[in-house]
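Here the structure is laid out as structure tokens; the discussion comes afterwards.
Derivation of every value follows stated rules applied to the coordinates shown; laboratory data play no part. Remember, predicted model here, so these are calculated numbers, not experimental data. Ideal geometry is used to build each Cβ from the backbone, glycine not excepted, and the neighbour counts take in all protein chains shown.
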Amino acid sequence: MAPGHRGSGDPRHDVAIVGYGPVGETLAILLAQRGWRVGVFEKQPTAYPLPRAVHFDHEVARILQAAGIADGFAGLTETADVYEWRNAAGQTLLRFNSRPLGASGWPEANMFPQPELERLLDRRARACGVEVARGCEVVGLDAAADGVTLAVARDGRRDEVRARFAVGCDGANSFVRAQLGSAVTDLGFFYDWLIVDVRPHQPTPWSPLNVQICDPARPTTMVSGGPGRRRWEFMRLPDESIEDLNSEATAWRLLAPWGVRPEEAQLERHTVYRFQARWVDGWRAGRVLLAGDAAHQMPPFAGQGMCSGLRDAANLAWKLDLVLRDAAPQSLLDTYESERVQHVRLAIDASMELGKVICIADPAEAEARDRAMIAAAAAGHQIAIPAGMPIGPGVTRADDATAGQLFVQGHVRRAGASGLFDDIVGRGWTLIAAAGDPLAHLDAESAAFFASLGGVAAHIGDGGIEDVDGAYHRWLTEHGAGVVLQRPDFYVFGSAARVEDAGLLVRDLRRMLSN
């Protein structure tokens, strides 16, 4: 069935999304942009107005670019060039440097306020025709072979809504997950932290912008909350109750040593969070799927919580699109979990390793840690925040070392227009080569199949598209590739040594999507 077509007796929505945070918003946009009828059901009548997530990386910036909101980044984000860890004496234990231009064409570390991001996404979703129903709680879910029925409660009334697929983006306490009965793998990593967000009355320079204080007397995090905002996180000590920690008076008391007082700043929010490390075993049951915190949770130390949820949305959107238009079997959706759960587990492991360093409250253990880390740093060794983690097995070419890697986005120029590749050339399934037009090497059947996917082809250099910053030539040279096939979520399907082998890539993809 063509996107947007609705026959008599059809479900009201092609996809019903439960939950309207950043993950639900982004998934709704990515589907609606492909022409599908998307309905979102959110039990809260209004958007949550206070900060939560404060970081996204270059890959997520590219996903948001694909969602059509990149123009709104100005004034929303603040680039963090350094994340420094110090001990109680102020000695540097670790120093993570973030590049102003990452592999995806955006800064590697972007600090932002979540309410502002959600407003951008909401405006975009509504402009794309997404039907947003706030104050509507999903209280029942019945999945059948041909669709999903949601029972939706609002203003004392209960209605039934039909959809072809449903996705639970409804957070850590997901109703949809409970209905699926999915088991959860919990790594037992629990720490309570007081999160305090403030808005200084006067512009305040912070150097470095993001700092971690590994002081056993009180492990403390200080990071940007986006332009004009600052976040502190204070770990709960063994002798403290959550009730005593989670008070405005305690927040101001803990802020005072850092020179922040009520007369100098507005206290936007204070709340105690329990950091956890877990994922769901079973992200799909028939026509019902999970995404974001409904499928996984991780400590915030690597800044990958919301990022992982938006990666879920980017992965799931193109697969649902192919299944909805009968271009691939429903079994394609099984690759959503197999690809994403490996990625999530790597992010969780990295976050836990960082947390184990930070969350030390024993002075003797902290002293030993400091000695070891200072020595390791002097020798050039340190823990690394994960970057460019590969996805798990799924829709990638077998026996291909580049398959499953995140691909690059560079600045290009074509016909007098310049900018990021996705905006100038296009996005989706993309064939890129430097020694000729890859389309010229597809047989008629492969060319027709690639066109049916909305495929994009790019000849970089030699009269084709100018590789302004050399990103594509560097990648192709480094990997000994003459042609690469990029997926719609920006991961590599596969590559080949010669541009003449472009047809092999497309034929492999066709076989995989037809199984």
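The table for this structure:
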item: Residue-count net charge about VAL152 - beta-carbon cut-off 10 Å; Lys, Arg +1, Asp, Glu -1; result: +1
item: Summed residue charge, Cβ within 9 Å of PHE189's Cβ, Lys/Arg positive, Asp/Glu negative; result: +1
item: Rounded tilt (10° steps) of 114-127 against the dominant C-alpha axis of the chain; result: 20 degrees
item: Beta bridges by DSSP in the chain, antiparallel share as percent, to the nearest 5; result: 75 percent
item: √(5λ) per eigenvalue of the Cα gyration tensor, the range 333-484, largest first, Å; result: 42, 20, 13
item: Rounded to 10°, Cα long-axis angle of helix 305-324 versus longest principal axis of the chain; result: 20 degrees
item: Those chymotrypsin sites (Phe, Trp or Tyr not before Pro) in the range 215-287 that DSSP places in a loop and that have at most 12 other beta carbons within 10 Å; result: none
item: With Cα atoms, 0 to 90° folded angle of helix 22-32 axis to the chain main axis; result: 10 degrees
item: Share of alpha-carbon pairs per 10 Å distance bin for the chain, given as whole %; result: 4, 18, 27, 26, 17, 7, 1, 0
item: Residue-count net charge about GLY355 - beta-carbon cut-off 12 Å; Lys, Arg +1, Asp, Glu -1; result: -2
